[in-house]
Amino acid sequence: MKISVIGCGYLGAVHSACLTELGHEVVGIDVDPEKIALLAAATPPFYEPGLPELLSRSVATGRLRFSTDVSDVRGSEVHFIAVGTPQLAGSDAADLQFVMAAVDSLLPHLASGDLVVGKSTVPVGTARQLSDIVNSHGSGASLAWNPEFLREGFAIKDTLAPDRLVYGLAASDHRGESMLDTVYTRALAGGTPKVVTDFATAELVKVAANAFLATKISFINAMAEVAEATGADVTQLADAIGYDVRIGRRFLNAGLGFGGGCLPKDIRGFMARAKELGVDQALTFLREVDQINTRRRERMVDLAKEVVGGSLVGRRIAVLGLSFKPDSDDVRDSPALDVALRLIESGATVLATDPQAVETARRRYPHIKYVASPAEAAVDADAVLLLTEWREYRDLDPAAFGDLVGTKTILDGRNCLDPGAWRAAGWAYRALGRP
Ligand code: UDX
């Protein structure tokens, strides 16, 4: 198929390259000329494992182009909307200006039979509104909603072989369904389940999934708070309840909590939308989920204060990890970066490192002292804080690493180290939710 993708950020860039891999002919459109130049040269503007190789392969086929000129969508039959919906400044609600602008810019170029497909995460009700706009324009194009569920670090796998496909369609839009089936032929043939539904359900599936995941993480972090007050071990608790298949062990890793460009803003946007709909009571628990999550960051700073003797002023702290999770250079709402900033505010001298996120962090916070490796961060440190569970940090040798620091004190913000091994090497080991 001939396909256009409007918005070449994280979602759109991965989606464009994956659609090409699936055999389609794709044009990716973005208003940012720098981003488009990088993508056209097969260079991802962000870190995602496997994407440089996939982009090179896709661009080399001649079936993937990038452009800043939206009229280049002409000739495509399917047009994916993959622009961002960030949190509005000073509000919990999502900012829809980029989605609206994308649809507006598409309208003059749509032909009869074209399908506009929303992928961006939007407040429930948006698809209906956009469908009316597309229909009333009179081009004969129609709209579908097809939320994405990709995780950073696994974005290619999640796009090529998703857990499920959700199609939100206008009543009896069989043509829309069959066009999406053609887009996703390979995934469907591979057994990916498909849910065909209305617009509102499709929009809600996305935010409900993220709200559930956020709740699961905050649940185990709430248990960590109780564990800290009782001397219990939250990681063993998670293992034990996780054996119950109704509960499941995944997303029960207690620690610094969730961050990133999706979970935090999506639960806030969901609450804001529920309020508009008069059902805010249904989602008040998400406010608690958000607060439990933020409390973990405060607790980490308190723990750091405690282990260095009550005050952080003038203390040297090594911070390992800045991205919101491993295998990503994304620092949006990153718990690790937030803790680093809070430590500095409390008077500590922070030396921070990350395998991929130093540059993205530096762009936002140039005042933090960044170093290239854990070894450099650790020199004369009064305490080491592991805040993002990158493999190279999990694999650190406690004995060799111990020779570099001033004081052998480690705080494991992600419960990812073996306490026994670190204690055996002479370290004072502390973690969230563990004795
Ligand atoms: C999430 C959803 O998983 C994905 O389906 C959706 O499309 C976009 O949002 P992502 O933001 O890439 O994906 O991150 P995810 O892997 O869900 O992790 C979110 C945060 O939760 C990270 O900060 C991670 O460190 C944290 N987390 C995850 C925990 O604290 N504990 C866990 O057990 C799991």
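The values are calculated or read from the model by the stated rules, or taken from the named source; none is laboratory data. The shown structure was predicted, so the numbers you read here are calculated from the model rather than taken from an experiment. All Cβ positions, even for glycine, are placed from backbone atoms using ideal geometry, and neighbour counts span all protein chains on display. What goes into the accessible areas is simple: the full protein's heavy atoms, side chains included, and nothing from ligands, DNA or RNA. Shrake-Rupley method; radii C 1.70, N 1.55, O 1.52, S 1.80 Å.
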Q) For L64, which sequence-distant residues (separation of 5 or more, or a different chain) have an amide H within less than 5 Å of its own amide H, given hydrogens modelled in the peptide plane? A) V26
Q) Against the longest principal axis of the chain, how steep is helix 51-60, in degrees 0 to 90 to the nearest 10, with axes from Cα atoms? A) 30 degrees
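Dividing the Cα radius of gyration by the Kirkwood radius, what Rg/Rh value follows for region 206-290? Working shown, then result.
On the way: Rg = 14.1 Å, Rh = 13.7 Å.
Result for region 206-290 is an Rg/Rh of 1.03.
Give the relative contact order (percent, whole number) for region 89-177; include only Cα pairs under 8 Å separated by 6+ residues. All intermediate terms of the calculation are to be shown ahead of the outcome.
On the way: 91 pairs, mean separation 22.7, N = 89.
Over region 89-177, the number comes to 25 percent.
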Q: Taking every Cα atom in the chain, find the radius of gyration and the maximum pairwise distance Dmax, and write them in Å.
A: 23.3, 73
Q.
Projecting each Cα onto the charge dipole of the chain (Lys/Arg +1, Asp/Glu -1 at the beta carbon, about the Cα centre), which of G75, V14, G242 comes out farthest on the positive side?
A. G242
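Run the helix sum for the chain: -39,500 (n - 2.57) per DSSP H stretch of 4+ residues, divided by residue count, reported at 222 nm to the nearest 500 deg cm²/dmol. Present the calculation step by step, with values, prior to reporting the outcome.
Details: 18 runs with 190 residues, N = 435.
For the chain, the value works out to -13000 deg cm²/dmol.
Using every Cα-Cα pair within region 11-102, state what percent have a distance larger than 22 Å. The partial results should precede the final answer.
On the way: 1238 of 4186 pairs.
Tail fraction, whole percent: 30.
Tally Lys and Arg at +1 and Asp and Glu at -1 over the other residues with C-beta under 11 Å from the C-beta of R273: what net charge comes out? Display every interim value, and only then the final one.
Working: positive: R268, K275; negative: D92, E203, D266, E276, D280.
Within the 11 Å Cβ shell, the charges total -3.
Name the longest site-free stretch of the chain, where the excluded sites are trypsin sites (Lys or Arg not before Pro) in a DSSP loop with no more than 10 other beta-carbon atoms within 10 Å. Don't skip to the answer; put the middle values down first.
Numbers: sites that count: R246, R250.
Here the longest run is 1-245.
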Q.
Under the rule of at least 5 residues apart or a separate chain, name every residue whose amide H is placed under 5 Å from the amide H of A348.
A. G314
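Take the Cα radius of gyration of region 296-431 and divide it by 2.2 N^0.38 Å, with N its residue count; two decimals is plenty.
On the way: Rg = 13.2 Å, N = 136, 2.2 N^0.38 = 14.2 Å.
My calculation over the Cα atoms of region 296-431 gives 0.93.
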Q: Springs between alpha-carbon atoms under 10 Å, Gaussian network over the chain: tell me which of V103, V195, V27 tops the mean-square fluctuations.
A: V195
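Can you pull the percent of the chain's accessible area that's carbon plus sulfur, 1.4 Å probe, other chains left in place? It would help to have the intermediate numbers written out before the result.
Working: 9780 of 18050 Å².
Ligands and nucleic acids excluded, carbon and sulfur give 54 percent.
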Q) Under the Karplus relation 6.51 cos²θ - 1.76 cosθ + 1.60, θ = phi - 60°, what is the ordered set of whole-Hz ³J(HN,Hα) values for region 300-311, x standing for Gly and Pro? A) 5, 5, 4, 5, 4, 4, 4, 6, 9, x, x, 9
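To the nearest 20 debye, what charge dipole does region 55-167 have about its Cα centre, counting +1 at the Cβ of each Lys and Arg and -1 at the Cβ of each Asp and Glu?
Dipole size: approximately 380 debye.
Assign unit charges at the C-beta atoms only (+1 for Lys and Arg, -1 for Asp and Glu), then state the dipole size of the chain relative to its Cα centre in Debye, rounded to the nearest 20. List each step's numbers first, then the result.
Numbers: 45 positive and 55 negative charges, 86 e Å.
So the magnitude is around 420 debye.
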**Q.** HN-Hα J in Hz across region 239-255 - Karplus 6.51, -1.76, 1.60, θ = phi - 60°, x for Gly and Pro
**A.** 4, 5, 6, x, 5, 6, 4, 5, 9, x, 7, 5, 6, 10, 8, 6, x
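Between R249 and M1, 0.36 nm times their residue separation minus their Cα-Cα distance comes to what? Walk me through the intermediate numbers first.
Details: separation 248, 0.36 × 248 = 89.28 nm, distance 3.99 nm.
Result for the pair: 85.3 nm of gain on full extension.
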Q: Give me the accessible area per residue for the chain, probe 1.4 Å, as a whole number in Å².
A: 41 Å²
Q.
For a quick check: with amide H placed at 1.01 Å from N, whose amide H comes under 5 Å from V405's, ignoring anything fewer than 5 positions away on the same chain?
A. none
Q: Positive end of the charge dipole of region 52-143 (Lys, Arg +1 and Asp, Glu -1 on Cβ, about the Cα centre): tell me which of A102, S142, G125 has its Cα farthest that way.
A: S142
Q) So for the chain, taking the charge dipole from beta-carbon charges (+1 Lys/Arg, -1 Asp/Glu), which of L39, F285, V166 sits furthest toward the positive end? A) F285
Q) Expressed as a rounded percentage, what relative contact order does region 201-333 have, with Cα pairs under 8 Å and six or more residues apart? A) 27 percent
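Net charge around T20, counting only other residues with Cβ within less than 11 Å of its Cβ (Lys, Arg = +1; Asp, Glu = -1)? Before the final figure, lay out the partial values.
On the way: positive: R57, R63, R65; negative: E21, E25.
It works out to a net charge of +1.
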Q. About the Cα centre of region 287-435, what is the dipole size in debye to 20, counting +1 per Lys and Arg Cβ and -1 per Asp and Glu Cβ, all else neutral?
A. 400 debye
Q. When the Karplus curve 6.51 cos²θ - 1.76 cosθ + 1.60 is applied with θ = phi - 60°, which whole-Hz ³J(HN,Hα) does each residue of region 191-196 get, with x for Gly and Pro?
A. x, 4, x, 10, 10, 9
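Take every Cα pair under 8 Å in the chain that's 6+ residues apart, average their separations, divide by the length, and report that relative contact order as a whole percent. Can you show the working numbers first?
On the way: 886 pairs, mean separation 51.7, N = 435.
Computed over the chain, the figure is 12 percent.
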Q) How much net charge surrounds I156 when only other residues with a Cβ under 10 Å from its Cβ are counted (Lys, Arg +1; Asp, Glu -1)? A) -3
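Past 18 Å, Cα to Cα, is the threshold; run K216/K265; K2/K35; K119/K265; K35/K369; K194/K265; K216/K305 against it and keep the listed order. Kindly include the intermediate steps, with their values, before the conclusion.
On the way: K216/K265 16 Å; K2/K35 22 Å; K119/K265 16 Å; K35/K369 28 Å; K194/K265 26 Å; K216/K305 28 Å.
K2/K35; K35/K369; K194/K265; K216/K305, as the Cα separations exceed 18 Å there.
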Q: Could you work out how far helix 126-137 tilts from the main Cα principal axis of the chain, as a 0 to 90 degree angle to the nearest 10?
A: 30 degrees
